[in-house]
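The values are calculated or read from the model by the stated rules, or taken from the named source; none is laboratory data. Because the structure is a prediction, the values reported are computed rather than measured. Because the Cβ atoms are built from the backbone with ideal geometry, glycine has one as well, and the counts that use them run over all protein chains shown. Surface areas here come from the heavy atoms of the whole protein model, side chains and all, with no ligands, DNA or RNA. Shrake-Rupley method; radii C 1.70, N 1.55, O 1.52, S 1.80 Å.
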Amino acid sequence: MRWKVFARRVLTIPAVVFAVSLAASALPAVAQGAAAKVPMESFFKLPQFLRAAMNPAGTQLAYIREVNGRFNLVSMDVATRKLTSVAGYDRADVVEFNWINDTRLMYRIADFRVAVGDNQIHGWYAVDLDGSKPFTLSEGLATTGGLVGSNRGLPARAAFHSRARAGDKDEFIAVQYAESPLRSSLLRIHSRTGLRTPIEPGGLTNVVDWALDANDVPRAAATLLNDRLSLHVRDSATAAWRKIIETSQFENTAFAPVGFDKAGTLYVSAYLGADTASIHRFDWAKGAPEPQPLVSVKGHDLTSGLLFAEDGSLRGVRFEADQEGTYWIDPAWKALQESVDAALAGRVNQLSGRSADGTVLVRSYSDSSPPRYFVFDTKAKRLSLLGNSMPWIDEKTQARSDVIRYTARDGLTIPALLTLPRGVEGKNLPLVLLAHGGPNVRGIDWQWNRERQFLASRGYAVLEPDFRGSLGHGWKLFRSGWRQWGLTMQDDLLDGVEDLAKRGIVDKNRVCIAGASYGGYATVMGLIKHGDVYKCGISWVGVTDIDLLFTVGWGDLGNTPEQRLGMSVLIADPVKDKEQIRQTSAIRQAERLKGPLLLAYGLSDERVPYEHGRKLRDALDHNKGLEYVEYPGEGHGWRLIETNIDFWTRAEKLLAKTIGK
């Protein structure tokens, strides 16, 4: 017998706040003066507005917002502005949703009032726009999923892939992963009956990525076996797959499928001899990408971001350079973008919706302002505020961030985000170097961020380098970081400090290092390797033992041969590189760590188990400056406001003691 979660509630929902003509700026000018100290809680409490998305027809908006202390799914009729409660619970939160068609949605619930490890509420549900005709797609623990004893619903380790574009309009496409996230298959799921039907892969196995055409037919797929990455294509649902290319996953000679338009054009992401990846059309006759890119951005990789109109034609491509932007193929949408950018100046404004002559949804944010959502009436040229994710954040009090670049000691260019405290002269400032996690991800994100803004509000400059090994800035930067944990990756961080010190922006005698996950590793290794520079370290959920990565699986990432092979290439080979691992594992070099260190772990962390922390804690019994803390129930990062307040209060005291005034 399945357990029932809760009953839904009927809610009273606040209406749209204000409207403004595009003839005038929609937001106040940002003052430059210093502001009063912002309370810590303001930075770390949850937003009240999470996400908004328009239905395919452009007639309805759905969004998640806080109502009476819980996150609810709400819909709004675009024409009448009538609001309807779609889903809301007394003991759960709606945390994400997707449109299935113009009148039906699917959503997931969890409990945001408890830590990740204490959350016993999981489930996916489908419902009509008015809250009627609900259907349980899955419920129970995330590892079980589906409907027990049946072939219905959303199974375990499955996720929404795309809205069904052909066939029954009440269906959607899901991708299901095997025990490893590197193995996937496709399912068609009916949202009213839960009936799921496998989509025939045509004999392909070991698929890691799919691209479906306008008829929901898989016609491009990437497969991975050991380290061999292959791209397969086919002309129709009944045609045989053709292998177009096979290469090592550790080379940039492959190309990845991104999507199809209504005419059957396949778009791929490819390097084609360049240092950065661009979006190309695929030439079916030649079995290769067209040499001339459709969209490219100098110095930045484009790997996704296709924006399709409702009829399936390609409307534009969203990309991430120093800031996010959109390349519009449709001239009408380009004109709309220019109008909105003029009204909401100094912000990133992301447009989505139905057509250039109807209503458009705008997500708008900046480095000093959390996201706001607007409804743009393109006929009246009028913006209406739909919701503000964090209205208590006054952007006049927030710091500003800029992307900078500096040269590492071996000549490699390192991009970084530099945030300076508001209202102070940018000279001889104390610095917190914030190392991102991953590490093979893009770290730079020109948007409001709670950690950097909190640190800047306390008077510290914040430097966030995309050190070698980071993604998004070209193959050379990524490739240069292989097997460089604790080596040149660590030097890149110090080189950023040296650069700012030479320019007089920071005081080299007042520098601390901080970070989570890999950033926590970099923090501890920074104190070990460059303890004369870093006066303290703040590490949370950080790796400390490289050997442990190969023996204790990262539970939420899988532990496959491909993952272990990738770790051997990207981090170190546990057999061939034993001496390097000894030199670059914090746990093996603990006796060299002398400086003050705040070390924190979540006891429900599946990615970096708390064993990393306890082993280092025991190895640092000689260090009187160690402060060690564990948070029951927390995972790979802090969810609860109580945890954040406790942790960052400790961090604030450590920074004030070591590099404060």
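Annotations for the structure displayed:
- As a summary of the residue check, ASP556 satisfies the conditions (1) at pLDDT 95 or above; (2) within 25 Å of the chain's Cα centre (by Cα); (3) part of a loop (DSSP other than H, G, I, E, B) except for the one numbered (1).
- LEU224 fulfils the conditions (1) touching a helix residue (DSSP H, G or I) at 6+ places or on another chain (Cβ under 7 Å); (2) open to solvent by 20 Å² or more (accessible area, probe 1.4 Å) except for a single criterion, (2).
- Restricting the stretch 63-98 to residues that are in contact (Cβ under 8 Å) with a residue 60 or more places away in the chain and within 26 Å of the chain's Cα centre (by Cα) leaves a set whose member that is nearest to ASN388 (Cα to Cα) is ARG65.
- Neighbours by Cβ (under 6 Å, 6+ apart or cross-chain): first from the stretch 559-574, open to solvent by less than 40 Å² (accessible area, probe 1.4 Å); second of a type outside the set (A, V, I, L, M, F, W, C) and modelled with pLDDT of 90 or more: ALA572/ARG483; ALA572/GLN580
- Of everything in the stretch 626-655 that is open to solvent by 20 Å² or more (accessible area, probe 1.4 Å) and free of Cβ contacts under 8 Å to residues at least 40 places away in the same chain, the residue that is farthest from GLU591 (Cα to Cα) is GLU642.
- Which numbered condition SER132 misses (of (1) touching a residue at least 40 places away in the same chain (Cβ under 8 Å); (2) open to solvent by 20 Å² or more (accessible area, probe 1.4 Å)): (1)
- Qualifying residue in the stretch 352-359 (condition: open to solvent by less than 40 Å² (accessible area, probe 1.4 Å), under 27 Å from the mean Cα position of the chain (by Cα) and free of Cβ contacts under 8 Å to residues at least 60 places away in the same chain): no
- Considering the stretch 575-588, the residues that are out of contact with any Lys or Arg (no Cβ under 8 Å at 6 or more places or on another chain) and in contact (Cβ under 8 Å) with a residue 24 or more places away in the chain include one that is surrounded by the most Cβ atoms within 10 Å (Cβ to Cβ), namely ALA586.
- Within the stretch 507-538, tally of residues that are open to solvent by 10 Å² or more (accessible area, probe 1.4 Å), touching a helix residue (DSSP H, G or I) at 6+ places or on another chain (Cβ under 6 Å) and assigned to a strand (DSSP E or B): 2
- The set of residues in the stretch 447-470 that are open to solvent by 10 Å² or more (accessible area, probe 1.4 Å) and more than 26 Å from ARG607 (Cα to Cα) comprises SER457, ARG458, GLY459, TYR460.
- Condition met for ALA321 (of a type in the set (Gly, Ala, Ser), at pLDDT 95 or above and in contact with a strand residue (DSSP E or B) (Cβ under 6 Å, 6 or more places away or on another chain)): yes
- All of (1) in contact with a Pro (Cβ under 9 Å, 6 or more places away or on another chain); (2) open to solvent by 10 Å² or more (accessible area, probe 1.4 Å) hold for GLY602 with one exception: (2).
- Picking from residues in the stretch 294-348 that are open to solvent by 40 Å² or more (accessible area, probe 1.4 Å), touching a Lys or Arg at 6+ places or on another chain (Cβ under 9 Å) and in a loop (DSSP other than H, G, I, E, B), the one that is nearest to ALA274 (Cα to Cα) is SER304.
- For the stretch 64-118, filtered to residues that are among the acidic types (Asp, Glu) and out of contact with any Ser or Thr (no Cβ under 8 Å at 6 or more places or on another chain), the residue that is most open to solvent (accessible area, probe 1.4 Å) is ASP90.
- Any hit, the stretch 272-285, residues being out of contact with any strand residue (DSSP E or B) (no Cβ under 7 Å at 6 or more places or on another chain), acidic (Asp, Glu) and either modelled with pLDDT under 95 or open to solvent by 60 Å² or more (accessible area, probe 1.4 Å) (or both): yes
- Any chance LEU487 is among the hydrophobic types (A, V, I, L, M, F, W, C), more than 30 Å from ALA178 (Cα to Cα) and buried (at least 24 other Cβ atoms within 10 Å of the Cβ): no
- Number of the exception - PRO291 against (1) open to solvent by 30 Å² or more (accessible area, probe 1.4 Å); (2) not in a loop (DSSP other than H, G, I, E, B): (2)
- Condition check for ASN252 on (1) at pLDDT below 95; (2) in contact with a Pro (Cβ under 9 Å, 6 or more places away or on another chain): one failure, at (2).
- Among the residues of the stretch 249-266, the one identified as closer than 30 Å to ARG165 by Cβ, among the aromatic types (Phe, Trp, Tyr) and either open to solvent by less than 10 Å² (accessible area, probe 1.4 Å) or outside any strand (DSSP E or B) (or both) is PHE260.
- Matching helices (runs of 4 or more DSSP H) fully within the stretch 571-661 where at least 1 residues are farther than 17 Å from GLY486 by Cα and hydroxyl-bearing (Ser, Thr, Tyr): 641-658
- Per-region count, the stretch 186-200, residues surrounded by fewer than 16 Cβ atoms within 10 Å (Cβ to Cβ) and either free of Cβ contacts under 8 Å to residues at least 40 places away in the same chain or part of a loop (DSSP other than H, G, I, E, B) (or both): 5
- Going through (1) part of a strand (DSSP E or B); (2) of a type in the set (A, V, I, L, M); (3) modelled with pLDDT under 90 one by one, VAL175 falls short only on (3).
- So ASN101, is it among the polar types (S, T, N, Q) and within 27 Å of the chain's Cα centre (by Cα): yes
- Whichever residue in the stretch 382-440 is open to solvent by 10 Å² or more (accessible area, probe 1.4 Å), farther than 27 Å from ALA52 by Cβ and of a type in the set (Val, Ile, Thr) and, among such residues, is modelled with the lowest pLDDT: VAL424
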